[in-house]
Structure formats: C-alpha cells, structure tokens
1. List the aspartates and glutamates whose Cα sits under 15 Å from the Cα of K238, skipping any in the same chain fewer than 8 residues away.
2. Past 19 Å, Cα to Cα: identify those pairs from K107/K334; K191/K316; K181/K412; K98/K334, in the order given.
3. Count the DSSP beta bridges whose two residues both fall in the chain, then state the antiparallel fraction as a percent rounded to the nearest 5.
4. With a cap of 16 neighbouring Cβ atoms within 10 Å, and only residues DSSP puts in a loop, list the trypsin sites (Lys or Arg not before Pro) found in segment 338-421.
5. Taking other Cβ within 10 Å of each residue's Cβ, how do L396, L204, L469, L239 sort, fewest first?
6. Give the label of the value calculated from the structure for Cα extents along the principal axes in Å, choosing from [x] 98, 90, 45; [y] 72, 49, 49; [z] 63, 53, 47.
7. Rounded to whole Å, give me the distance from the Cα center of segment 345-414 to that of segment 66-116.
8. Return one number: the angle in degrees, 0 to 90 and rounded to the nearest 10, between the long axis of the Cα atoms of helix 156-175 and the longest principal axis of the Cα atoms of the chain.
Amino acid sequence: MSVLLRRYVRLAGLLAATVSFFVRGTLAAEAAQPFKAGFAEMDISPKSGMERPGGYHKVFLKRTQDPCKVRAAVFDDGKTRVALVGIDALIVPRNLVKAVRQEIETKCGIAPDAVLIGASHSHSSGPTGMVQPGQFDHASDLVKRLAYDQSSCADPAYLKHVHNQIVNAVCLANENRAEAKCGVGRGREDKVAFNRRFRMKNGLTFTHPGKRNPDIVESAGPIDPDVGVIGAWNAAGKLVGCVVNYANHGTTGASGWSANWIYYMEQVIRGSLGDDVVVVFLNGDCGDITQVDNLSPYPNIDGPIVGGRIGAEAVKVLLSMHRGSLVPLDTKVKVWSIKRRVPSPEKVKRCLAEAEKDPAHVATWTKETLMLDALIAAQPEVEVEVQAIQVGPAVLVTNEAEMFVEYGLDLKKKSPFEFTFPVELANGCVGYVPTEEAMGPHGGGYETRLTSYSNLELTAGRQMLEAGLNLLGQMTPGKSPTPKEIPPVHTPWSYGNVRPEIE
C-alpha cells in the first residue's frame, strides 16, 4: 500500500469515527430529552338569551346549569409538539378551526396539522352552529328568511369568543409544559350507551321507535364500550391532566347551559384525583349512540349517572396504568372533497311551492330541502379532513362527522396501534354519516334524512375510514410504558415456607 493510500485510509477512518461520535451524541441527546405535558382550560359559558343549537328551529336559554369550557393538552417529546383540544360545544365549524390553528402557530409555534379540536357534542352548549354567519347570503330572499329567521344560527360574537379561548387555552397549556410521566389505558363502560336504531317488523330501520315498541325486531347496531384514557403526572406524582375518549351523544338533558354529562365525568375524576385536574374530553364515533335504552321499561338515565360511570371507569384506568414517556409524537393529515347528495328537481319544486304559500309557517323538512338546494348551488362538494395524531402507543383519528359507531369499531379492529381512539366532530362538521347499509333498502331513520346538515354522498364514511387507516400505515406505533421488572426471588418468605402444622 502506498503512503498516499495509507493516508487516505487513515483519513477515512478518522472521518467515520468523527461522524459516529456525532451521531451517537445526537441520538443520546434526543433520548435524553424529557417528555413534557401541559394542560389548561378556559370558560366559554354562553350569555343569557343566546341560542342553543342542535335543532332545526330557534331555542333560547337564560340560565347556566354548569360551566362550558375549552380544555387543552399539549404534549412535547423534544422534537414534536401536539395539541389536543376538547370544547363543550355541539359542533366546531371548519372555518373556526382553520383560523384558530393559524393563530396558535403564530403565537406558540405548534404546527396547524398538530392541533386537534374536537366538539363534545353537548346539546346544551353555546351557539357555534348550525347556520353559520353569511352562509346563505347568496340565496334567494325566501331561503335567507328560512335560514336566518327560522333556523338555529351560530352567534358571530360567541364564535369569536370561542376562537380566542381556544387559542388562550392552547398557548397556556404550552406554557405549562413540564416534565411528566404519562400513560395510556382502556376501560369498559357498557351500561350508559345504547344504539338508538332498531330493525322493525315492516323491514325498515327506525331511530328511537319508542320504548318497548312491540314492532321492534332487534337493535340495528352495536355500541363502543371503550373508555380510552391518557394521563399525565408531574414530578411530585400528582395527576395534572388527562384525555378521555368515549362514544356517546351529549343528550342527557339540562335546564340551562351545560357541558351535559361531561361535567359529571369531570367532577368524578376531580373528586378522586384532584380538584384541579384538567379533563380533556374527545367524543368517539357515536352518530347512532345515545343514553336512551329503548328496550328498558324504566325512565332514561340522566347526566350524573352517565358521566359518573364513565368518570369512575376513567379513574380506574388512571390508577392502574403504567407511567413513562409516550414517544414518539407524530401527525398526519389528509384533506379532500366529498360530493353532496342532491334532492330531486321534483322535490325541490314541490317544496318551493309549499314554502311560497305560507313563508311564515314552512314545514321543517321543506325548509331543509330548500336550504340544501341553495348550499349545493354554491358548494356542490364539501372539504373534509381526517387527521391522525400519535401519542406513543396511542393514536387519535378524527373525522368531521356524526359518524356511525361501526366505523370507529372497524378502525380499531384494523389499526396497527395498541390504543386507537376515534374522534368525531373534530376539526369541522359535515353532519351525520351513516353506514352504506343504513342507506339501503332496509335502512332508514333520522340520521339518513337529506337535510342542509347531513347530505354527503353514500360512500363518505368508507372514504373517511380508509383515509384514517392509510394515515396510520404511515406511522410507527410506540411502546407502552412499563415499570422495571423485578428479578426472580429464590428465597421464600420465611413465615410462609413451612409445611402444614396439624398439631
């Protein structure tokens, strides 16, 4: 070997050693990054006299039963930060989500795709829906009156308040980040959620056919009993916050503004583990799930029972989960457009004639048909988003719909993650998305009606499910934290290593 060649070999070896040193140092530095978590909450209780959304006509409330809130969690693995936001609201409009994400990125640097905003679907919450400001400005005078004067409408001032409070909650949670031990777990609660759709003797499927209706054949679908939980403890071992995922409508009834049963869930968790624990609730796929048991001879269960049992199960999960770092954090998003279903020209013509006869007293479904026709004229397709946010061994997969529970169950079944939490009505709202079977010859029911709220094409649910699974395929699941194993003991307890003593 020549002198020159030997010099090149030595130089290459030195370079390789240097690169190896820096790579090892970088990996060690990354591994040494502490896992951090921060939580915060803000009040968004509506003012007296505001509209309560959720129906097809105007309803106003004057009193507050319990506070409505924005609750936020921010997780940080040293490389990526993600924000999980739960709001006590019926829906969260898509335009609001986009604006909030931009401001969060500007103020605290969390990427828009890493911010998940999910509505609890409380039917006793403030006016974030249904008709949005200016949504029907392009329509005829008749349709404008139907939309703005005779329908449930979002309040612009309240939307701005919710916007500000979401930003404030995320930025404060980001500031509150501190080293934390976190864990993920799953419990089961199957006594407070029921599928509200039933197959009937006439061959169709009805929603809420009436308690103990003799024409009921069987339930048309399952429930999802999983109570998914992510918990975070500070250096002193105190629970600072948790994320809870469960699939059930927020329809337990309330006499004023209320977070619905979610309030009682929070109270149980706080009563057990600390009165300042922040409880971020993200609703699962529950488009066909409520607290109403149509097969029971007894009155419907109320908010304290629903929230109490789910909260108690969450406490059990928190008490038994192993704690550590939930790495890695990751985010994936897909955005595309889905076509609306179109009412027939004959139906639109008939509804228009009915409405023009007596514009002050237009039937609900006539009104909805005309409003949908106006929406299609301006926007025949709807932008939808599916987002996957990974927190170590757990992944939260969103949709903008009131999604039938079967889709969430199928997502969990096919997911490569140990813990998969579907989150409906997140990052926007596109109305009910039933299964394709529910839209078939033996389907039917309230959720399948064609309205200005629910109108996506029949394959919408399958498209969202496949998009979510595709995003999961681009992620690598993390491992659940486990404590250090105890080595085998070869010396028995001296009090217990004796033969039976007869005398």
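The numbers here are math on the coordinates, done by the rules we state, and not lab data. Being a predicted model, the structure only gives us computed values, none of them experimental. A quick note on method: Cβ atoms are made from the backbone with ideal geometry, for glycine too, and the neighbour counts reach across all protein chains shown.
1. Straight-distance partners of K238: E179, D275, D276.
2. Details: K107/K334 24 Å; K191/K316 16 Å; K181/K412 25 Å; K98/K334 14 Å.
Going by Cα-Cα distance, K107/K334; K181/K412 fall outside the 19 Å limit.
3. Numbers: 58 of 80 bridges.
Expressed as a percentage, antiparallel bridges in the chain total about 70.
4. Values: sites: K339, R340, R341, K347, K349, R350, K357, K367, K412, K413, K414; in loops: R341.
Here the sparse-neighbourhood loop sites are R341.
5. If I rank by nearby Cβ atoms, fewest first, I get L204, L469, L239, L396.
6. Matching entry in [x] 98, 90, 45; [y] 72, 49, 49; [z] 63, 53, 47: [x].
7. Segment 345-414 and segment 66-116 have Cα centres spaced 24 Å from each other.
8. Here the helix axis deviates by roughly 10 degrees.
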